[in-house]
Amino acid sequence: MINAETARNESEKTANEKLSEELKEVEKCIEWAVEKGSYSTYYDGTLNSKTVNTLRKLGYKVEYGSQYNESYYSISW
């Protein structure tokens, strides 16, 4: 049986990996929009609050919306 500290460390590692993956997905959306000359993009689905906070710290405006029970985020710069 693993101890609590090991479990905590593994959970933190997994959470950081998921955050990194999510940020890469969002970055692709942003890069695509930039290539089109846009100043905003949409991300369909949900984002972790840490991802939203990271984007805001980087200067992005992030707004949540939903339509027909589907979540999306508007990301602008």
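What follows is calculated from the coordinates using simple rules that are stated; it is not laboratory data. Computed from a predicted model, the values in this text were never measured in an experiment. Ideal geometry is used to build each Cβ from the backbone, glycine not excepted, and the neighbour counts take in all protein chains shown.
Just a few scattered comments:
- Test set (1) β-branched (Val, Ile, Thr); (2) under 11 Å from the mean Cα position of the chain (by Cα); (3) surrounded by fewer than 10 Cβ atoms within 10 Å (Cβ to Cβ) - Ile2 fails condition number: (2)
- Top-ranked residue of the range 65-77 - restricted to ones that are surrounded by 12 or more Cβ atoms within 10 Å (Cβ to Cβ) and not small (Gly, Ala, Ser), ranked as nearest to Cys29 (Cα to Cα): Ile75
- Matching residues, the range 34-77, being within 26 Å of Asn16 (Cβ to Cβ), without any contact (Cβ under 8 Å) to a residue 12 or more places away in the chain and among the basic types (Lys, Arg): Arg56, Lys57
- Extreme residue, nearest to the chain's Cα centre (by Cα), among residues of the range 26-41 that are surrounded by 13 or more Cβ atoms within 10 Å (Cβ to Cβ) and not hydrophobic (A, V, I, L, M, F, W, C): Thr41
- If you go through the range 1-33 and keep only what is touching a residue at least 40 places away in the same chain (Cβ under 8 Å) and under 17 Å from Thr46 (Cβ atoms), you end up with Val26, Cys29.
- Output for the range 42-58, where each listed residue is charged (D, E, K, R) and either farther than 14 Å from Trp77 by Cβ or within 10 Å of the chain's Cα centre (by Cα) (or both): Asp44, Lys50
- When the range 6-25 is filtered for residues that are hydrophobic (A, V, I, L, M, F, W, C) and either within 21 Å of Glu70 (Cβ to Cβ) or surrounded by 12 or more Cβ atoms within 10 Å (Cβ to Cβ) (or both), the ones remaining, listed by number, are Ala15, Leu19, Leu23.
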